[in-house]
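Novice: Below is one structure. I have some questions about it.
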Amino acid sequence: MPIRLLFLSVEDIRYALRCMNVSELIAFSLCSKRTKNLAKSSNRIIELIEAEVFENRIRLGVEDDWDQDDPDQDDPHNEFISLDLSDSFINIDRGNGIEVWRKQGFTLSNWIAHFLSIFNKEMVHMFIINDVSLSYLGTIKQLIPKCQKLKISQFCSNDVAKVAFRKLISIAERVVIDKNIFDDENDISGYLTPNLRSLSFLDVENPFKLTVNDLLVLNIANLSIETANITVKEMNRFIKLWMKGSRTFHPPENIRLTLDRRIEINVQEVFKGIEYQEDEDGYLFQLKREDGKELIVFIEDNYIVFCFK
């Protein structure tokens, strides 16, 4: 027999909300202003809200992480749902077919604001840009005003990826570019100067050309490149310039470079003409300048990390 949920006691309503999975909670929140506030007051812990942009629609992924104390427990509350958002309606996929939910008068912006509100989130966790028209990029910034991580996918054209980077980096704390979008060896420098918490380039098949001059303009706290096309001679020059204490270079927290998997980094060549201390395992190398600043370098096979202290 149907139960008139809103006529229950406060404690019974809270219990009912705790029993709902995330998709049920979303459906409940769409019924009225009161149900929205009740859903919000349940303080449901959501691990991930991921927005993926296509032309004129957004796919929103919501991952419920209800059981914080025992993440390995087989709990029916733990689920990932995918929602295709369009004006006035959404298509929701809970793994057992697609349902259509409507909310008259809702726009894409309303949907996103609604989900962030009921889960008490200030921003989406990850914002993924696929290949959309250049004109749509301005609209995107209005829809998602802030995110923790911006990901420019491998499916973007080079033109869209470059414009997306310029237009959208201001909304993100971290940026990931999943393809080599650079036309020449000097093009990457302009992408290393914005003040970002982290920036990652990923393209295993098309290495990113990198020189010491690119590293010297770096204004990123954490830089990661896979695959990087940089010579050992350039890395040696970079370390020597750091040792001299160049005032034009402001060291980040760390730089992580993965070279072609067929290349093994020659440690002796990297530190040629430089004094350093080596740990007993032969992977960590410590360098110290006269002003007391330290550089820790980790090298294993084709992977090198610079950590500035």
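Novice: Subtract the Cα-Cα distance of residue 264 and residue 120 from 0.36 nm times their separation in residues, and report this length gain in nm to one decimal. Display every interim value, and only then the final one.
Specialist: Numbers: separation 144, 0.36 × 144 = 51.84 nm, distance 4.74 nm.
So the extension gain works out to 47.1 nm.
Novice: Please report the accessible area of residue 259 (heavy atoms, 1.4 Å probe, ligands and nucleic acids excluded) in Å², nearest 10.
Specialist: Approximately 10 Å² for this residue.
Novice: Give, as a single signed number, the net charge of other residues whose beta carbon lies under 13 Å from the beta carbon of residue 255, with Lys and Arg counted +1 and Asp and Glu -1. List each step's numbers first, then the result.
Specialist: Values: positive: 256; negative: 214, 226, 234, 253.
Local net charge: -3.
Novice: For the chain, what's the relative contact order in percent, using C-alpha pairs closer than 8 Å and at least 6 residues apart? Don't skip to the answer; put the middle values down first.
Specialist: Numbers: 572 pairs, mean separation 28.1, N = 309.
Across the chain, relative contact order equals 9 percent.
Novice: Moving on to the next point. How large is the helix-only mean residue ellipticity at 222 nm for the chain, computed as the sum of -39500 (n - 2.57) over DSSP H runs with n ≥ 4, divided by its residue count, in deg cm²/dmol to the nearest 500? Walk me through the numbers on the way to the answer.
Specialist: Values: 9 runs with 79 residues, N = 309.
The helix-only estimate for the chain comes to -7000 deg cm²/dmol at 222 nm.
Novice: What does the charge count near residue 235 come to, summing +1 for each Lys or Arg and -1 for each Asp or Glu among other residues with Cβ under 11 Å from its Cβ? Before the final figure, lay out the partial values.
Specialist: Numbers: positive: 233, 237, 240, 272; negative: 234, 269.
Net local charge, residue 235 excluded: +2.
Novice: Right, something else. If a/c stays under 1.5 just call it rounded; otherwise compare a/b with b/c (prolate if a/b is bigger, oblate if not). Do that for the range 267-309, with a ≥ b ≥ c from the square roots of the Cα gyration tensor eigenvalues. Provide the component values of the computation, followed by the final result.
Specialist: Working: a/c = 1.79, a/b = 1.50, b/c = 1.19.
Prolate, because a/c is 1.5 or more and a/b exceeds b/c.
Novice: First check a/c for the chain, with a ≥ b ≥ c the square roots of the eigenvalues of its C-alpha gyration tensor; if it is under 1.5, answer rounded, and if not, answer prolate when a/b is larger than b/c or oblate otherwise. Intermediate results must be reported in sequence, preceding the final value.
Specialist: Numbers: a/c = 2.91, a/b = 2.06, b/c = 1.41.
The shape class here is prolate.
Novice: Given the pairs 141/309; 151/293; 121/167, which are separated by over 28 angstrom at their Cα positions?
Specialist: On the way: 141/309 36 Å; 151/293 33 Å; 121/167 23 Å.
Violating the 28 Å limit, Cα to Cα: 141/309; 151/293.
Novice: Anyone know which of 181, 274, 49 comes out most mobile in the 10 Å Cα GNM of the chain?
Specialist: 274
Novice: So what J values fall out for the range 286-291 if you push phi through Karplus, 6.51 cos²θ - 1.76 cosθ + 1.60 with θ = phi - 60°, rounded to Hz, Gly and Pro as x?
Specialist: Calculated HN-Hα couplings, in order: 10, 10, 9, 8, 5, 7 Hz.
Novice: Shifting gears a bit: Roughly to the nearest percent, how much of the accessible area of the chain is carbon and sulfur, given a 1.4 Å probe? Display every interim value, and only then the final one.
Specialist: On the way: 7670 of 16690 Å².
Summing carbon and sulfur atoms, their accessible area is 46 percent of the total for the chain.
Novice: With +1 assigned to the C-beta of every Lys and Arg and -1 to the C-beta of every Asp and Glu, and no other charges, what is the dipole magnitude of the range 136-206 about the Cα centre in debye, to the nearest 20?
Specialist: Details: 10 positive and 9 negative charges, 127 e Å.
So the magnitude is around 620 debye.
Novice: Also, quick follow-up: Per 5 Å bin, what is the whole-percent P(r) computed from every C-alpha pair distance within the range 213-292?
Specialist: 3, 12, 22, 26, 24, 10, 2, 0
Novice: In the neighborhood of residue 198, defined by Cβ-to-Cβ distances under 13 Å, what is the net charge if each Lys or Arg adds +1 and each Asp or Glu adds -1?
Specialist: Numbers: positive: 149, 151, 174, 197, 256; negative: 173, 253.
The answer is +3.
Novice: Given a 1.4 angstrom probe, what's the average accessible area per residue across the range 185-240, in square angstrom?
Specialist: 41 Å²
Novice: Same structure again: Please state the charge dipole magnitude for the range 47-265, taken about the Cα centre, from unit charges on C-beta atoms (+1 on K and R, -1 on D and E), reported in debye and rounded to the nearest 20.
Specialist: Working: 25 positive and 35 negative charges, 300 e Å.
In debye, rounded to 20, the range 47-265 gives about 1440.
The values are calculated or read from the model by the stated rules, or taken from the named source; none is laboratory data. Predicted model only: the values in this text are computed from it and were never measured. So basically every Cβ, Gly included, is an ideal-geometry build from the backbone, and we count neighbours across all protein chains shown. These area figures cover heavy atoms from the full protein model, side chains too; ligands, DNA and RNA do not enter into them. Shrake-Rupley method; radii C 1.70, N 1.55, O 1.52, S 1.80 Å.
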